[in-house]
Structure formats: structure tokens, C-alpha cells
1. Can you find a residue that is in a strand (DSSP E or B) and of a type in the set (A, V, I, L, M, F, W, C) anywhere in region 226-242?
2. Using the structure shown, decide if V337 is at negative phi and within 16 Å of the ligand (Cβ to nearest atom).
3. Of the residues that sit in region 425-452 and are farther than 20 Å from L86 by Cα and assigned to a loop (DSSP other than H, G, I, E, B), which one is farthest from the ligand (Cβ to nearest atom)?
4. Please note which strands (runs of 3 or more DSSP E) are completely contained in region 294-384 and include at least 1 residues that are in the same structural domain as R263 (by TED's automatic domain parsing).
5. Residues to consider are L402, L444, L417, L422; find the one that is surrounded by fewer than 17 Cβ atoms within 10 Å (Cβ to Cβ) and closer than 22 Å to R67 by Cβ.
6. What pairs can you find where one residue is in region 312-324 and within 19 Å of R253 (Cβ to Cβ), the other is surrounded by 14 or more Cβ atoms within 10 Å (Cβ to Cβ) and among the small types (G, A, S), and their Cβ atoms are less than 6 Å apart, with a gap of 6+ or different chains?
7. What are the residues in region 361-408 that are hydroxyl-bearing (S, T, Y) and closer than 29 Å to A237 by Cβ, if any?
8. If you go through region 198-217 one residue at a time, how many are crowded, with 24+ Cβ neighbours inside 10 Å, of a type outside the set (S, T, N, Q) and not in a strand (DSSP E or B)?
Amino acid sequence: MSAIDALVTSLPEGRVVTDPDVIDSYARDRTFLEPGKPLGVVLATSRDDVVTTMRWATEHRVPVVPRGAGTGLAGGATAGDGTVVLSLAKMTAIRELSPADEIAVVEPGVITADLDRAARAHGLMYAPDPSSYEISTIGGNLATNAGGLRCVKYGVTRDSALGLEVVLADGRVLDTGRRTMKGVTGYDLTGLFVGSEGTLGVITAATVRLRRAPLQAPATFAAEFGSLRDAAAAVSAIIAAGCQPSLMELLDRATLVAIDDWRHIGLEASTQAMLIGQSDAADGQEVASRMEQLCMDNGASFVAVSSSPAEAEELIAVRRMAYQAKERLGACLVEDVCVPRSALPDMITAIEATAVRHGVQICTVAHAGDGNLHPVFIFDHGTVEPPAEVWAAADEIFRHALSMGGTLTGEHGVGLLKRRWLALESGPVVTEVQHGIKAVFDPLGLLNPGKAI
Ligand SMILES: Cc1cc2nc3c(=O)[nH]c(=O)nc-3n(C[C@H](O)[C@H](O)[C@H](O)COP(=O)(O)OP(=O)(O)OC[C@H]3O[C@@H](n4cnc5c(N)ncnc54)[C@H](O)[C@@H]3O)c2cc1C
């Protein structure tokens with residue numbers, strides 16, 4: 001019996017898909033990367049399915065690619081030849097939601113925004129909100145340590161992860177962490193698994209922290225600038241003034257034009273950048289006015305402040321449209337550098353200069369309050385790989401970010417796409433230790449091989 005037939009017989013009927021067309025759709029993420037030809041896809045509905053799959057993988061030495069919704073932007077869920085894709089998307093139960101403990105226990109396939117909505121019914125919120133929160137899963141968010149719009153105030157996914165249930169490469173089940181707000185017994189294995197991109201184990205449940213949802217609607221502003229650098233300087237001024245925004249997003253003109261062409265937002269010819277900010281503090285309206293003033297001091301041509309939830313949602317919706325608007329322009333290489341917040345204006349200037357020097361189209365959006373920039377390189381839809389000038393420009397941007405004390409990836413992960421630059425950021429000792437950790441959890445190298453480290 002072939003290895004894949006053995007898997008089909010060891011799992012309940014219907015769990016394994018071997019139709020090549022269906023497999024192909026599960027082998028891709030949102031990058032341009034072309035996947036290989038996996039042997040099959042497991043549609044797990046329980047931890048037992050995952051345990052059975054990993055035991056089978058160990059016995060037959062078959063690599064496994066865990067997968068949530070496939071919205072990743074680094075190739076982490078891109079599956080290679082001879083692998084099996086292990087989809088957690090059907091494990092969607094919110095097993096517990098405790099207002100008294102301000103926690104939830106969830107399965108990995110829960111859609112991020114669904115957990116937030118469930119928490120809101122109890123006056124709570126699940127804070128991490130990647131722009132993809134209506135389509136990404138909690139398991140994928142944990143595996144990539146996803147950021148989001150609110151993380152400028154509430155932190156990234158790791159800051160909300162208390163404990164995990166993980167199936168290891170050999171099928172053993174590891175429970176990490178706890179359901180308490182504090183706890184320091186032993187090494188922090190929860191922190192280690194968060195952001196490990198499916199290379200150390202398969203997350204089958206998570207205990208996550210919920211927070212009190214703000215009682216009042218947030219005060220939101222949108223500021224228009226005649227220069228991108230001025231907008232970045234306003235961000236630095238807002239952070240330095242201690243305004244503690246709950247959201248601070250920056251869009252450059254190229255991004256705004258792409259959105260305007262698609263959704264007609266009435267973009268002014270002179271607008272080179274838009275800054276969207278929010279305060280959900282009790283005195284949010286006052287804080288928003290201070291942020292408005294700081295924008296004007298730094299060259300804003302126009303600032304609109306709103307406290308109406310509907311108007312605020314419209315402004316945020318403009319930001320959430322950015323990625324889809326760019327996809328309409330061509331194929332996209334989405335980058336994710338992060339720099340110390342004070343370096344934001346210099347990094348923006350460096351990106352603009354790089355685009356001109358290499359003659360490439362770059363549209364930039366930024367989780368500006370975190371110093372996290374997404375320069376998106378647009379290239380011809382028909383091209384399989386980005387052309388050489390795109391890679392050269394990306395290389396230059398990575399080196400700039402690192403020279404400013406930044407990092408290659410703020411939130412998307414290394415996946416396959418950033419491996420070739422890893423050595424620039426991680427020295428030999430870091431690399432050796434990381435491979436040592438991988439060998440402890442996955443000595444046969446079966447979990448998402450070739451990714452992350
Ligand atoms: C429009 C758009 C906007 C985005 N905005 C943001 C943003 O603001 N912030 C941000 O951080 N990201 C953003 N992303 C990227 C992406 O949505 C995140 O990386 C997200 O966390 C991936 O979740 P997923 O369920 O799609 O995971 P997948 O893409 O399926 O997988 C991502 C990685 O996690 C691993 N994995 C998935 N599930 C598990 C599991 N249960 N156990 C172990 N490993 C697992 C996979 O092997 C892979 O390495 C955006 C993407 C899009 C398309």
C-alpha cells in the first residue's frame with residue numbers, strides 16, 4: 001500500500017483529499033510562489049486527526065505543511081513536492097469564552113474577526129486584528145505572530161497568547177502555558193511556538209487573552225499631507241508626545257491612487273500621503289484633537305476628525321482595501337520591514353529613493369505607529385517570478401532597514417520569501433541555536449521544512 005493510501009485508511013472517511021485540482025488550491029498562499037505537487041490534503045476536524053497524521057508522517061517520513069486560511073504573504077504555507085498539506089481550517093470551535101477570567105479557548109481554524117465578535121458580546125475584545133482578520137485564522141495568526149492595526153496599543157498576537165495545545169512531529173501532544181494572567185514555570189514554550197511558522201508543531205488549540213472593549217466609540221482622524229516624509233514626521237511627533245493612539249496607519253500616494261481608481265474616494269491631486277489615526281481612550285476626542293494639531297504642525301494640508309462610528313469605519317475601510325487595490329495593478333511582492341519608530345521618516349525616504357533608482361513601482365502602506373512598513377512591489381501579472389530589478393530594490397530596502405536597527409519582517413514571517421536575507425539579520429550563533437531548537441522538536445525535519453529559519 002502506498003504511503004498516501006495508508007493515510008487515507010487511517011483517518012475517517014473524507015478527511016484526505018487527493019484530487020490534484022483541489023490539492024493545488026490548498027498548496028498556495030497569497031504570494032506569487034508556485035507550489036510543488038503535494039501527495040494530498042488532510043482536512044482535520046479534531047486533534048485526533050492531527051495526531052494520526054503526524055504519527056503517519058513520522059512512520060513514512062513524509063513532510064507536512066500546516067495551513068490555516070492560506071492568507072500568508074511569505075510563502076509559509078506554500079507546499080512542496082511529496083508533502084502533505086494539513087489544513088486546520090475546519091477546526092472552528094470557540095470552546096470556552098470566560099468573561100470572569102477574560103480568556104477564550106479556541107480551535108485554530110476560528111476566523112480572527114469571529115473571535116473578536118464573540119468577545120464583543122460580553123463587552124470584551126480580541127485585540128490582534130491583522131488587516132486580513134475577516135479571512136485569516138487564529139492558528140495562522142499564532143504561527144506567524146501576526147500584527148495588525150490595533151497592535152500599536154494592544155500588542156501583537158504573542159501578547160494575547162497564554163497557552164497552546166500543540167501536536168509535535170511524532171504525534172505527542174504538548175500543552176504549553178496556562179490560563180492565568182501570570183505564570184513563569186519553566187521556559188516560555190508558548191512564546192517559542194508563536195511565530196514558529198509551523199516548523200515546530202501543529203497548534204490544535206489556544207488559550208488567548210481577551211481585553212475589555214472600550215466603552216466609547218473611538219475618535220478617528222484622517223490627515224492629508226503634501227509629502228510622505230511630513231506624514232512620517234507627524235507619526236514620530238504623535239508617538240513622542242505620548243498620545244498612545246490605538247491605531248496609526250499611513251498610506252502613500254501610489255496606494256491611494258490604486259484605491260481611488262477602484263473605489264473613488266475623491267483623492268486630491270496634491271495629496272501625497274494619508275495618515276489615519278484613532279484613540280479609544282476615555283478622553284479620545286481630546287487626544288484626537290492633539291493628534292490633529294501635531295499633524296498640522298508637521299505640514300498636513302487637511303485633517304478631518306470624527307467620533308461617529310460609521311464615519312470612522314469608512315476611514316478604516318479605506319486602509320483595509322489597500323492590499324486588494326494593489327492586487328488590481330499587477331502581481332505583488334509584499335515586503336514587511338520594521339524600523340525603530342523614530343527612523344520612520346528616513347526609511348520612507350529610502351524607499352522612495354530606491355523606487356526611483358531601480359525604476360520599479362512601489363506602493364507603501366505602514367502600520368506607522370509600530371514603524372512597520374509594507375512596501376509592495378508591483379510587477380507584470382504574467383511573470384512567474386519578480387524581475388531582477390524588483391529583487392534588487394527589495395535587497396536595498398532590507399539593507400536600509402537593518403542599517404537603521406530594523407528587521408526584515410515585522411509581522412508576516414520569513415516563510416520561503418525572506419530566507420535568502422536571513423543571514424544579514426541573524427548571526428551564526430542565532431542561526432545555530434535556532435537549528436538546535438528545531439532539532440529538539442522535529443529531529444526528522446518533517447514539519448514545514450525549508451521555512452522560517
Ligand atoms: C489582505 C491581507 C492583509 C493582511 N494584513 C496583515 C496584517 O495586517 N498583519 C499581519 O500580521 N499579517 C497580515 N496578512 C498576512 C496573513 O493574513 C497573516 O500572516 C495571517 O496570520 C495568516 O493566517 P492564515 O490562517 O491565513 O495562515 P496561513 O497563511 O495558512 O499560514 C501561515 C503560516 O502559519 C502556519 N500555520 C497555519 N496554521 C497553523 C497551525 N494551526 N499550527 C501551526 N502552524 C500553522 C503555516 O504553516 C504558515 O507557515 C495579510 C494578508 C492579506 C491577504
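1. No, region 226-242 contains no residue that is in a strand (DSSP E or B) and of a type in the set (A, V, I, L, M, F, W, C).
2. Here the answer is yes, as V337 does meet what is asked.
3. The residue in question is G427.
4. Filter on region 294-384 gives 300-306.
5. Sole residue among the options that is surrounded by fewer than 17 Cβ atoms within 10 Å (Cβ to Cβ) and closer than 22 Å to R67 by Cβ: L444.
6. Final answer for the pair search is L315/A222; R320/S131.
7. Passing the criteria: T364, S403, T407.
8. 4
The values are calculated or read from the model by the stated rules, or taken from the named source; none is laboratory data. Quick caveat, the model's predicted, so the values are computed rather than measured. Counting neighbours? That spans all protein chains shown, and the Cβs are built from the backbone with ideal geometry, glycine included.
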